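Asks: Here it is, the structure in full.
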Amino acid sequence: MKKYFIKTFGCQMNESDSERIETFLKQEGLSKSNSIELADLAIFTTCGVRQTAEDRVYGQVHNLRKKNREITIVITGCLAHRKDVQRRLKEKADFFIPIKDISSLKEIIQKEKNLPPSREDNKYLQITPSYQKKDTALVPIMTGCNNFCTYCIVPYARGREWSRSLDEITQEIQNLAKNDCKSIVLLGQNVNSYDYSTQEGGEIKFHSLFDTLASKFSQIEFSFFSSHPKDFSDKLIETIAKNKNISRKIHLPFQSGSDKILAAMNRKYTRKHYIGIIEKILAKIPTAKFSTDVIVGFPGESEEDFQATADMFKEIDFFEAYINKYSPRPGTVAEKLEDSIPWSEKKRRERYLRTLF
């Protein structure tokens, strides 16, 4: 193999993973192709959070295989774990590799058919990424999720929460600072649940890590993505307020304004709790601005439940919102619930919310 091409779907975490994959491939002697159709190896870093993202993977893998029968196609990311995806793409993709096992690409490059057994570690995060931008970088500080929201595939695809060491994160950022990086996004599926246990028996929480990094690298503007309301502590608010180089743009998903739907989603907070966080942040940081995630059409969402979500947009001045129409994710608890709301009604609810910000 001589040339590779990486196609990334979904979130910033997947973009960061692709940057590390790219470094690994370059270290193995491959060069980047200008076209996926002319590559010897195609890597699809996939996202299974939404059906639309999943469908794009199916379509692009199908089209690529039709045009190039010789190319080696590898699926990594969320969809690599799912048996139904493996069955569907059995004749089109050659390998399905969890991101934790991405070093298995070495055997593929060397034309080995039998890959080593899964190690289920996170050493791939130690790879220095091929950053796509000079001034801005994505730095994952943890991976995985322990929340098991009923609609979400991430805990099954990424595994349980695992946090990188302070030393490892600091070293990566130190290297970025030396190269005049101006902006860094700290990443995690549930970034503010970062929790690293030191060899000395201490514990480093997200607010402490954030304060250390912001103080040490005062020339860099920091932000973070994506956070969970149940882990948004008073100490984190104080840390953001204290450090002027932490962005005042805060992404805080609320998903639904209805306590009934939040409970069905297993979100572990209430509408009142969420609004309370916003009020606390604004009291300490008056210039704070908020973006959010919302799901419309979750099973059992009545018109009253939906209006509770709409009321959240009227009560909180979001500058941006990612509004997603619910689609069942295979393997999740919510998949077993009746998806009783018509797609046309989900689209109507989405359109209406978009008129509110």
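The values are calculated or read from the model by the stated rules, or taken from the named source; none is laboratory data. Note that the structure is predicted; figures quoted are calculated from it, not measured. Positions of Cβ are backbone-derived with ideal geometry, glycine not excepted, and every protein chain shown enters the neighbour counts.
Asks: Go through (1) of a type in the set (A, V, I, L, M, F, W, C); (2) under 24 Å from residue 186 (Cβ atoms); (3) crowded, with 20+ Cβ neighbours inside 10 Å one by one and return the number of the condition residue 42 breaks.
Replies: Checking residue 42 against (1) of a type in the set (A, V, I, L, M, F, W, C); (2) under 24 Å from residue 186 (Cβ atoms); (3) crowded, with 20+ Cβ neighbours inside 10 Å, the one that fails is (2).
Asks: If residue 67 passes every condition in (1) surrounded by fewer than 22 Cβ atoms within 10 Å (Cβ to Cβ); (2) within 29 Å of residue 335 (Cα to Cα); (3) not assigned by TED's automatic domain parsing to the domain that holds residue 226 but one, which one does it miss?
Replies: (2)
Asks: Under the condition of being acidic (Asp, Glu) and touching a Ser or Thr at 6+ places or on another chain (Cβ under 9 Å), which residue from region 156-178 is nearest to residue 76 (Cα to Cα)?
Replies: Applying the filter and picking the extreme gives 161.
Asks: Step by step: first the residues of region 232-289, then only those that are part of a helix (DSSP H, G or I) and among the small types (Gly, Ala, Ser), then the one that is farthest from residue 337 (Cα to Cα). Which residue is that?
Replies: 241
Asks: Being modelled with pLDDT under 95 and of a type outside the set (Gly, Ala, Ser) is the requirement here; does residue 200 meet it?
Replies: Against the criterion (modelled with pLDDT under 95 and of a type outside the set (Gly, Ala, Ser)), residue 200 qualifies.
Asks: Moving on. Any idea how many residues of region 131-172 are without any contact (Cβ under 8 Å) to a residue 60 or more places away in the chain, among the β-branched types (Val, Ile, Thr) and surrounded by 21 or more Cβ atoms within 10 Å (Cβ to Cβ)?
Replies: 1
Listed here are the residues, each with its yes/no results for (1) surrounded by fewer than 16 Cβ atoms within 10 Å (Cβ to Cβ); (2) over 24 Å from the mean Cα position of the chain (by Cα); (3) at pLDDT 95 or above.
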| position | (1), (2), (3) |
| --- | --- |
| 298 | no, no, yes |
| 303 | yes, yes, yes |
| 307 | yes, yes, yes |
| 315 | yes, yes, yes |
| 318 | no, no, yes |
| 323 | no, no, yes |
| 330 | yes, no, no |
| 341 | no, yes, yes |
| 346 | no, no, yes |
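Asks: Answer yes or no as to whether residue 336 is touching a residue at least 40 places away in the same chain (Cβ under 8 Å) and not β-branched (Val, Ile, Thr).
Replies: When the stated conditions are applied, residue 336 does not pass them.
Asks: From 75, 97, grab the single residue that is crowded, with 18+ Cβ neighbours inside 10 Å, assigned by TED's automatic domain parsing to the domain that holds residue 30, among the β-branched types (Val, Ile, Thr) and free of Cβ contacts under 8 Å to residues at least 24 places away in the same chain.
Replies: When all the criteria are applied, what remains is 97.
Asks: Give me the pairs, please: first residue somewhere in region 25-52 and outside the structural domain of residue 323 (by TED's automatic domain parsing), second residue anywhere and in a loop (DSSP other than H, G, I, E, B) and exposed (fewer than 13 other Cβ atoms within 10 Å of the Cβ), beta-carbon distance under 6 Å, and either six or more positions apart or on two chains.
Replies: 40/2
Asks: So in region 1-13, with the set limited to residues that are modelled with pLDDT of 95 or more and under 24 Å from the mean Cα position of the chain (by Cα), which one is surrounded by the most Cβ atoms within 10 Å (Cβ to Cβ)?
Replies: Out of the qualifying residues, it is 4.
Asks: Of the residues 227, 218, which single one is in contact with a strand residue (DSSP E or B) (Cβ under 7 Å, 6 or more places away or on another chain), in a loop (DSSP other than H, G, I, E, B) and in contact (Cβ under 8 Å) with a residue 12 or more places away in the chain?
Replies: 227
Asks: Looking at region 51-60, is at least one residue small (Gly, Ala, Ser) and within 28 Å of residue 173 (Cβ to Cβ)?
Replies: No: region 51-60 contains no residue that is small (Gly, Ala, Ser) and within 28 Å of residue 173 (Cβ to Cβ).
Asks: Out of 85, 61, 57, report the one residue that is crowded, with 16+ Cβ neighbours inside 10 Å, touching a Lys or Arg at 6+ places or on another chain (Cβ under 6 Å), in the same structural domain as residue 13 (by TED's automatic domain parsing) and farther than 15 Å from residue 24 by Cβ.
Replies: Criteria check complete, one pass: 61.
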